[in-house]
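What follows is a set of notes on a single structure, which appears directly below.
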Amino acid sequence: MSVEFLGTGTSQGIPMIACSCEVCTSSDQHDQRLRVSMHIQTQGKSFIIDTGPDFRQQMLRAQIKHVDAVIYTHEHKDHTAGMDDLRGFNYVQKSSIPLYAQVNVIEQLKREFAYAFGENKYPGVPEIETFPITHQAFEIQGVKIQPILVRHYMLDVLGFRFGDFTYITDANFISEEELEKVKGSKVLVINALKKTSHISHFTLDEALEVIEKVQPERAYITHISHQMGLHAEVQQELPPHVFLAYDGLQLTV
């Protein structure tokens, strides 16, 4: 399995509009973060997790030429706003693109992209098929995926486990029952917005506590805000097996 971090930033990205802090003005490319998204290639299939506002830019930058399915963690705009740009894959692949998401996420997509779901579609709108999922395991074209149900303040969000790889974003609580589904992962990706408390995201210390419980071989922090600090400085504070993810980082699992 190979995975690529297409985006590792929070909802406003880094640099944030109008901000002149040391992170937003940093010349280190590791401090320049698009909105969170992942590309996963396994068993000959190509999956995207979340299509945020930077989706088009991410696809072009990563030179992704084929998508078998899109899987959504939840309905917030920084995870869904780029869905319209799936049209390019429709054109090249000559097929619709399957979308897998919880029912409430599908309903939100239908409201925000109503033109893509109407009976009399305008030519050129995204051609998509929706498939509802829950926190129960499911398969896409022979690939087994185990959702991990987490809480994002008052909202249910899904993380996903593909074999030895688990991806969790936009969480500030994981039950012990769901954490059991994560244990045994060789690689864990988990969100941490900043070092100080936040209403709907783990802090860095809270994410490190989850990592300690799971005991993966490697762990990566994502969904990072400019308030976390400079990438190079924060990385030096982390345990040897924990890393700040960055846009374009590729892993083999």
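The values are calculated or read from the model by the stated rules, or taken from the named source; none is laboratory data. Remember, predicted model here, so these are calculated numbers, not experimental data. Note that each Cβ is placed from the backbone with ideal geometry, even for glycine, and that neighbours are counted across all protein chains shown. Accessible surface is based on the protein model in full, side chains and every heavy atom, while ligands, DNA and RNA are left aside. Shrake-Rupley method; radii C 1.70, N 1.55, O 1.52, S 1.80 Å.
Among the residues of the range 42-86, just one is surrounded by 22 or more Cβ atoms within 10 Å (Cβ to Cβ), among the acidic types (Asp, Glu) and part of a helix (DSSP H, G or I), namely Asp78.
For the range 225-246, a residue qualifies if it is of a type outside the set (S, T, N, Q), in contact (Cβ under 8 Å) with a residue 60 or more places away in the chain and touching a Lys or Arg at 6+ places or on another chain (Cβ under 6 Å), and exactly one does: Met228.
Here is the figure for the range 202-220: residues that are free of Cβ contacts under 8 Å to residues at least 60 places away in the same chain and under 17 Å from the mean Cα position of the chain (by Cα) total 3. Scanning the range 87-103 for residues that are open to solvent by 10 Å² or more (accessible area, probe 1.4 Å) and not in a helix (DSSP H, G or I) yields Lys94, Ser95, Ser96, Pro98, Tyr100, Gln102.
Quick grid of which residues meet (1) more than 18 Å from the chain's Cα centre (by Cα); (2) buried (at least 18 other Cβ atoms within 10 Å of the Cβ); (3) touching a residue at least 40 places away in the same chain (Cβ under 8 Å); (4) not in a loop (DSSP other than H, G, I, E, B):
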{"site": "Val105", "(1), (2), (3), (4)": "no, yes, no, yes"}
{"site": "Lys110", "(1), (2), (3), (4)": "yes, no, no, yes"}
{"site": "Gly118", "(1), (2), (3), (4)": "yes, no, no, no"}
{"site": "Phe131", "(1), (2), (3), (4)": "yes, no, no, yes"}
{"site": "Ile148", "(1), (2), (3), (4)": "no, yes, no, yes"}
{"site": "Val157", "(1), (2), (3), (4)": "no, yes, yes, yes"}
{"site": "Ala171", "(1), (2), (3), (4)": "no, yes, no, no"}
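Scanning the range 173-187 for residues that are within 14 Å of Arg218 (Cα to Cα) and either open to solvent by less than 10 Å² (accessible area, probe 1.4 Å) or modelled with pLDDT under 95 (or both) yields Val182, Ser185, Val187. Looking only at the range 9-22, decide whether some residue is of a type outside the set (D, E, K, R) and in a strand (DSSP E or B). The answer is yes; a qualifying residue exists.
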